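What follows is a short report on a single structure.
The values are calculated or read from the model by the stated rules, or taken from the named source; none is laboratory data. Computed from a predicted structure; not experimentally measured. Note: ideal-geometry Cβ built from the backbone for every residue, glycine included; neighbour counts use all protein chains shown.
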Amino acid sequence: MEILNVKNLTMKFGNLTAVDDVSLSIRQGKIIGLIGPNGAGKTTFFNCLTGYLSPRSGSIQFNSHEITGLRPNKICKLGLARTFQVVQVFREMTTWENVIVGAFCRTTDAAQAYEQTLEILKFTGLYEKKDFLVSNLTIADQKRLEISKALATQPRLLMLDEAMAGLNATEMNEAIDLIKKIRDRGITLIIVEHVMEVIMPISERVVVFDSGKKIADDTPEKIVQNPRVIQAYLGEAYHA
């Protein structure tokens, strides 16, 4: 079953075309990698899908709902959540207080929201730090917290924008394990990532953007052999 269908999506800023006639479909329960050079349009694409930008043209259907141009809160309630390239957390609140904000997307019952919050924190490995001020968390824990906030909204599709940037090898491995656990819950994931050693092994498909265009969409094994992708992004060194 396809959970996301994007048709001919275009987003312009003045004369600059940031997303250029992109079409994409994603089946439920998959991990999709989205790669490409800086300025390729990946984050703009995320912003269009999640309502932070209204595209100039095209159609976005999520779980059979037309969501093109809807506000972010409406899209989130339909089951599409995201994280941000620069972590968006409430630094002067505690870990659990951050996550309960997401839980209130689904309930107005404070006790139920708190129970859901604790379950999410146990799942993501932050339970022992639930009472920490977020300003005292490491960057790795803040990234894990942002994922926790998104999971608290009970998404069917979770979009991660460079969730592993700035992490060391151990932290990356922990993040990969969490992503697999999320997928095993039946949640579809689209992941923007620049660390190829991370994104290639966990993705079932990899989509490649360059200058706002989708230039490839295939299995990781075929993507790394694609001459256009090698020229635009991977480089001969990675291919070798």
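Looking across segment 59-77, the residues that are surrounded by fewer than 19 Cβ atoms within 10 Å (Cβ to Cβ) and not in a loop (DSSP other than H, G, I, E, B) come down to Ser59, Gln61, His65, Glu66, Pro72, Asn73, Lys74, Lys77. With the condition kept exactly as written, say whether any residue in segment 108-126 is within 18 Å of the chain's Cα centre (by Cα), under 25 Å from Ile176 (Cα atoms) and surrounded by fewer than 15 Cβ atoms within 10 Å (Cβ to Cβ). No; the residues of segment 108-126 include none that is within 18 Å of the chain's Cα centre (by Cα), under 25 Å from Ile176 (Cα atoms) and surrounded by fewer than 15 Cβ atoms within 10 Å (Cβ to Cβ). Do you know which residues across segment 37-51 are assigned to a loop (DSSP other than H, G, I, E, B) and touching a Leu at 6+ places or on another chain (Cβ under 7 Å)? Hits for segment 37-51 are Thr50, Gly51. Taken together, the criteria place Gly39 among residues that are among the small types (Gly, Ala, Ser), in the same structural domain as Asp161 (by TED's automatic domain parsing) and at pLDDT below 95.
If you go through segment 186-240 and keep only what is touching a residue at least 24 places away in the same chain (Cβ under 8 Å) and in a loop (DSSP other than H, G, I, E, B), you end up with Gly186, Ile187, Glu193, His194, Val195, Ser203, Glu204, Ser211, Gly212, Val224.
Looking only at residues in segment 92-117 that are part of a loop (DSSP other than H, G, I, E, B) and closer than 12 Å to Asp131 by Cα, the one that is modelled with the highest pLDDT is Met93. If you check Ile191, Ile215 for being at pLDDT 95 or above and within 27 Å of Ala150 (Cβ to Cβ), only one passes: Ile191. Any residue at all in segment 160-180 that's surrounded by fewer than 22 Cβ atoms within 10 Å (Cβ to Cβ), more than 14 Å from the chain's Cα centre (by Cα), in the same structural domain as Phe13 (by TED's automatic domain parsing) and closer than 26 Å to Leu24 by Cα? The answer is no, given that none of the residues of segment 160-180 is surrounded by fewer than 22 Cβ atoms within 10 Å (Cβ to Cβ), more than 14 Å from the chain's Cα centre (by Cα), in the same structural domain as Phe13 (by TED's automatic domain parsing) and closer than 26 Å to Leu24 by Cα.
Applying the criterion of being aliphatic (A, V, I, L, M) and within 20 Å of Met164 (Cα to Cα) to the residues of segment 81-100, the residue that is surrounded by the fewest Cβ atoms within 10 Å (Cβ to Cβ) is Val86.
Residue check: Phe84 meets all listed conditions (1) touching a residue at least 60 places away in the same chain (Cβ under 8 Å); (2) in a helix (DSSP H, G or I); (3) not assigned by TED's automatic domain parsing to the domain that holds Asp210 but one, namely (2). Among the residues of segment 8-35, just one is among the polar types (S, T, N, Q), more than 19 Å from Asp218 (Cα to Cα) and in contact with a strand residue (DSSP E or B) (Cβ under 6 Å, 6 or more places away or on another chain), namely Thr10.
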